[in-house]
Amino acid sequence: ESRLERHHYDVVIVGAGGAGLRAAIAAHEAGAHTAIVCKSLLGKAHTVMAEGGIAAAMGNRWPEDNWEVHFRDTMRGGKMLNNWRMAQLHAQEAPERVQELEDWGALFDRTEDGLISQRDFGGHKYARLAHVGDRTGLEMIRTLQQRAVALGIDVFMECTITDLLKAAGTDEEGPIAGAFGYWRETGRFVVFEAPSVILATGGIGKAYKVTSNSWEYTGDGHALALRAGASLINMEFVQFHPTGMVWPPSVKGLLVTESVRGDGGILKNSEGKRFMFDYIPEFFKAETADSEEEADRWYDDKKNNRRPPELLPRDEVARAINSEIKAGRGTPHGGIYLDIASRRDADFIRKRLPSMYHQFKELADVDITAEPMEIGPTCHYVMGGVEVDPDTEATSITGLYAVGECSGGMHGSNRLGGNSLSDLLVFGSRAGAAAAAYVSGLDVLPKADEHAVQAGERRAVAAFTGSGEGGENPYTIQHDLQQAMNDLVGIIRTSSELEESLSSIEALKERAKAMAVEGHRQYNPGWHLALDLRNMLLVSECIAKAALERQESRGGHTRDDFPGPDPEWGAKNLVLRLNAAGTGVDLTHQPLPVMPDDLKSYFEE
Ligand code: FAD
């Protein structure tokens, strides 16, 4: 045992995005000895890529805005499948969390009166996103990181957690006692002993071929939670962002922020038609403009006009784009046009959307102040995640918490733009405080099961000692998985394809058993991918299984064979747990928590 590097903490946080950093600050402030472990460099988490802003009903642009309106927008955007309590806490606490960022040094764009500026986004009734140009995530990470480091919180970077450790002498239901991982550079193993672990690992996007997500998003937290005995919910709901780059191929999927539409950009097909007016669903008719004239007037006079249909929630816009492309009205590179050039002057575009301007100029040689962009849907966000208690973010496993994109419930079947960054802050803060409180109440600290440590070591090196000759390269398996998920579990789903996806995943799991990695443990990306693949395969199975089970269309889940929403399905969550053999997942149904009557009244017309 002494040969292993070991550390002892009260609270260990896996992930250094907004959720992990905010949780760490809260745990530290509550007196817990806290560490952050992250698999890339500090500051390189996904949160840094967030462009548009943080949703919070601060009322700086619209005094009429308040938490009740934000709550209603969030629930309607999620097609009422959200955990109502999470949506309520989120709407109530987001303004305070944003204000606090400013107190910690974040510099937001301002209104004319010197307040934090708020911009329009899809599905939000009022301009609500606090922002810094189109680089909000960068400012948020910078602020949180500086605070975390200033407080003296320990950070272990380029260190990947591969297993959670349970307490010695307990069964699958037993409490958490730490985490096991390896240093990416040296390949050496490391054990973190801690009675509390907070998962803040982000999403699953790398399971898909076309995605706005980076290499880190392999569903690690989702898979770690499952293996530790916790459950996942809502995994069928994957958000395809309507606007990703489609050209050149090397950047296919890269995000084009929704702010382009919030600031006046419109969608056109190859015939030059502004087609979104043909796709306004009944559910949003009352609040959406039905003519170009009204839609255009809205930008200057929001009181007397309804919103343009380009700003419907993401699931609606992504489906509409998909239909136009399928109908043969796409662009030369298989996308749709997003046009802000003909609608706003060049100075405005460069000032409001500096990153987008450079992104297109440098990567596609397109000047967005002069010509339209070509865009198409891209896998962006997973609504599904670890099932948690809404107030504390505790999972069903004692000592284990989950927060941020890897947790589930908050966004229901579809997340509104801007609601992730606020989610990270609100629930990060709550999780950190709850984990610290749990640890301070313990008389005896759980001791990590040494057999589990050894099993973690064996599993981690299996790909080296595996079948050797003839064993498959992890990159080929990842490629085939991404293709299968894209083709068979994408925006529009159907039973036969979902069944096919499940057999593909089973076959890939078999192939992965015989995976072989060459070289040694010192910085070896092939080996790292082999370890990540275990998680990607498990999480993909969860998505496909839940997508096949849910026989309705709702939010981020669209079934060709069940095109409408169904109230019966709308009243339940699908829950996934690791099966008894540990080889896959079992699925069960669970009724949604019932919303209290006073909140229900917000949805009566
Ligand atoms: P992340 O910020 O991704 O952090 C995950 C952390 O976990 C990383 O530090 C990673 O290294 C670490 N990690 C993962 N696995 C392991 C492991 N096994 N061991 C150790 N560490 C691990 N949302 C908004 O609200 N507004 C926006 O404007 C917006 N714009 C976006 C733009 C883009 C391009 C993208 C991709 C997303 C955008 N989102 C936006 C969504 C939002 O950015 C993410 O949902 C959010 O940042 C997720 O934060 P997180 O803290 O949960 O995870």
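A short reminder: the numbers here are calculations on the coordinates, not readings from a lab. Bear in mind that the values here come from a model prediction, so they are computed numbers and not experimental data. Every residue, glycine among them, receives a Cβ derived from its backbone with ideal geometry; neighbour counts consider all protein chains shown.
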Sparsely packed GluC sites (Glu not before Pro) within segment 516-576, loop by DSSP, other Cβ within 10 Å at most 16: E518, E568
Rounded FRET efficiency, nearest 0.05, which uses the C-beta distance separating L115 from A346 and R0 of 25 Å: 0.35
The chain: C-alpha gyration tensor shape, a/c 1.5 cut-off, then a/b vs b/c: prolate
DSSP-defined antiparallel bridges as percent of all bridges, the chain, nearest 5: 65
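Taking the highest mean first, how do the peptides 502-509, 31-38, 208-215, 284-291 order by number of other beta carbon atoms within 10 angstrom per residue? Could you put the intermediate results ahead of the total?
Numbers: 502-509: 18.2, 31-38: 23.6, 208-215: 21.2, 284-291: 14.8.
Put in order of decreasing packing, that is 31-38, 208-215, 502-509, 284-291.
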Förster radius 56 Å - calculated FRET efficiency between E294 and H8, Cβ distance, rounded to 0.05: 0.35
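Kindly identify segment 556-605 as rounded, prolate or oblate by the Cα gyration tensor criterion: order the square roots of the eigenvalues as a ≥ b ≥ c, call it rounded if a/c is under 1.5, otherwise compare a/b with b/c, prolate if a/b is larger, else oblate.
oblate
So which GluC sites (Glu not before Pro) in segment 300-372 pass both tests, a DSSP loop state and at most 13 other Cβ atoms within 10 Å of the Cβ?
Working: sites: E310, E316, E324, E362; in loops: none.
Answer in residue order: no site qualifies.
So what's the back-of-envelope 222 nm ellipticity for the chain, counting only DSSP H runs of four-plus at -39500 (n - 2.57) apiece and dividing by all residues, rounded to 500?
When only DSSP H runs of four or more count, the value is -11000 deg cm²/dmol.
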Label zone at E64 (point 7 Å along Cα-to-Cβ), backbone N below 14 Å, segment 305-324: 305-307
Distance between segment 551-574 and segment 94-117 - C-alpha centres, whole angstrom: 38
Ordering of 352-358, 128-134 by burial proxy (mean other Cβ atoms within 10 Å per residue, highest first): 128-134, 352-358
D586 paired with H33, simple spin-label distance in nm, labels 7 Å along Cα-to-beta-carbon: 3.9
Residue exposure sequence - L574, L224 - by fewest surrounding Cβ within 10 Å: L574, L224
Global form of segment 269-384, assessed from the alpha-carbon gyration tensor, a/c cut-off 1.5: oblate
DSSP-defined beta bridges in segment 1-146 - what % are antiparallel, rounded to 5: 55
C-alpha center-to-center spacing [segment 416-489, segment 306-323] in angstrom: 33
Within-15-Å neighbourhood charge of I340 [Cβ basis; K, R +1; D, E -1]: -3
Selection of chymotrypsin sites (Phe, Trp or Tyr not before Pro), segment 34-112, meeting DSSP coil and at most 10 other Cβ within 10 Å: none
Listed residue pairs exceeding 31 Å between alpha carbons, taken from K209/K513; K209/K268; K39/K79; K44/K273; K166/K545; K252/K302: K39/K79; K44/K273; K252/K302
Burial ranking of peptide ranges 44-54, 440-450 (average Cβ count within 10 Å, highest at the top): 44-54, 440-450
